[in-house]
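Since the structure comes first, as structure tokens, the remarks are kept for the end.
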Amino acid sequence: MMLIAVGWIAVLLLGGGIALNQTLTGLVTRNFDEQLDYMLTAMVASVEVGQDGDVYFSRPLGDQRFLEPNSGLYWQITGKGHEDFPSRSLWDRTLTVRESDHMEPQVYDSGQFSGEPLRVIQRPIFLPGSDTQWWFVVAASREELDVQLSRIRRILLFSFLALGVGLIAMALAQTWLGLSPLRGIRRAIQRIRMTGETRVTEPLPLEVQPMVEELNMLLAHSEKQAEEARAHAGNLAHALKTPLTVLNNAAHDKAPGLPEMVEREVAAMRRQVDHHLARARALGRRAAGLSRADMRESADAVERAVSRLYAHVRFDLSGPSAGSPRAIVAIERQDLDEILGNLIENAAKYGGGSVFVTLDAMPGSQLCEIWVEDDGAGIPAKDREQLFARGARLDTNKPGTGLGLAIVRDVVEIYGGKVELDESEDLGGLLVKLSLPRAAA
């Protein structure tokens, strides 16, 4: 991250330095050229054509350097067929004119004098009373200009170097200070790992407090999962201990009716294993991340499967269509299929031939409600809670393990939902109200 910051600072400073250098050198150079242009204009305004056709100045130019030999400031007037009219500062040298068709002033650099680079401005002029095209030339040594440009570049270089060092130092300091809360979190996590603490309790800056809260919630979530896993393991071990003890004692005593006893106890153990496996799968899927399932797609699939087993039953499925945002609930699809499968199959098995399934029965509620109704004999209010007990069956004449509703309630509660039993007003039988959390948009 620091390398990226240093790189960006270097790129920005380099770009800014180049732009500023071009701007300042351009301004200084234009100012120098404007001075030359002012002198050229003064020459044109002061020159006259004599009776012999040659040019002369009606008044002397004001700059004393034109009179000092090799002073670095020169002028010259050149006309075809006439001798050059130079400034005294040129002494025995002559300025070379770059003739062209342009009538506007032309500015350029020249190296015609050895060891003295020049900045030259020239312009062709037709003077009154003369048919000759006269070239007015003013030249100045670039030494002063180059000195100014060099000074500007040195100032820019040292200024931007100092600015770059300062910015990099500030970025380093800001990064160090900005990451100090994260170092505090790292130390707190290290203490959790080494001392057995369960939460981050060290006071930290407000900037990282939301992350600390999320970390503590994650630790609490992991602790809860570990506790649930231990509880499941203990419950399963306890549930299997009694049947195994019964079988062991019966086998040791060679008790009569041993095959029937083995079959009965094995069925009890299978029910317990199925129950705890269902809970473990639901806990694992919930921990894997955000769960989403389309309840309409799940209900349609379950209805098609159950209708093959109970061809005489009429199913009526209503609610939002598949893909609608209202049809999405926060639960894994496999768990939703298992829950609806248990509820719809029970309604078909114990009802009188009609099953109504209503999806999102209460659109305004916080939880998404699914109602499963049948036209059976119903269940008295005092007996409804018994159905959620493991192995409980009020109708022993029909096949089943008695674990359906117990598994349904356990899995639903893992996802933060609930299951309630009531009486169906439309069909007169049992009404199962399944409430599941809605998925986030």
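The values are calculated or read from the model by the stated rules, or taken from the named source; none is laboratory data. Quick caveat: nothing in here was measured; it's all calculated off a predicted structure. Note that each Cβ is placed from the backbone with ideal geometry, even for glycine, and that neighbours are counted across all protein chains shown. These area figures cover heavy atoms from the full protein model, side chains too; ligands, DNA and RNA do not enter into them. Shrake-Rupley method; radii C 1.70, N 1.55, O 1.52, S 1.80 Å.
Taking first residues from segment 196-210 that are assigned to a helix (DSSP H, G or I) and partners that are surrounded by 14 or more Cβ atoms within 10 Å (Cβ to Cβ), the Cβ contacts under 7 Å between residues at least 6 apart in sequence or on separate chains come to Glu207/Pro181; Val208/Pro181; Val208/Ile185. For segment 71-81, the condition of being out of contact with any Pro (no Cβ under 9 Å at 6 or more places or on another chain) and open to solvent by 90 Å² or more (accessible area, probe 1.4 Å) holds for at least one residue.
When the test is whether a residue is within 14 Å of Leu36 (Cβ to Cβ) and among the small types (Gly, Ala, Ser), Gly72 passes it.
Considering segment 128-166, the residues that are without any contact (Cβ under 8 Å) to a residue 60 or more places away in the chain and touching a strand residue (DSSP E or B) at 6+ places or on another chain (Cβ under 7 Å) include one that is nearest to Val208 (Cα to Cα), namely Arg142. Identify the residue in segment 16-29 that is surrounded by 12 or more Cβ atoms within 10 Å (Cβ to Cβ) and of a type outside the set (A, V, I, L, M, F, W, C) and, among all such residues, is nearest to Glu104 (Cα to Cα). Out of the qualifying residues, it is Thr29.
One residue alone among Arg119, Arg88 is under 60 Å from the mean Cα position of the chain (by Cα) and modelled with pLDDT of 90 or more, and that residue is Arg119. In segment 341-377, the qualifying residues are those that are part of a loop (DSSP other than H, G, I, E, B) and more than 24 Å from Tyr415 (Cβ to Cβ), and the one that is most open to solvent (accessible area, probe 1.4 Å) is Ala377.
Selection of first residues in segment 167-180 that are without any contact (Cβ under 8 Å) to a residue 60 or more places away in the chain and of second residues that are open to solvent by less than 100 Å² (accessible area, probe 1.4 Å), restricted to Cβ pairs under 9 Å at least 6 apart or on distinct chains, gives the following pairs, ordered by first then second residue: Ser180/Pro205. Just one of (1) open to solvent by less than 30 Å² (accessible area, probe 1.4 Å); (2) at pLDDT 90 or above fails for Ser130. It is (2).
The requirement of being open to solvent by less than 60 Å² (accessible area, probe 1.4 Å) and at pLDDT 75 or above is fulfilled nowhere in segment 274-285; no residue meets it.
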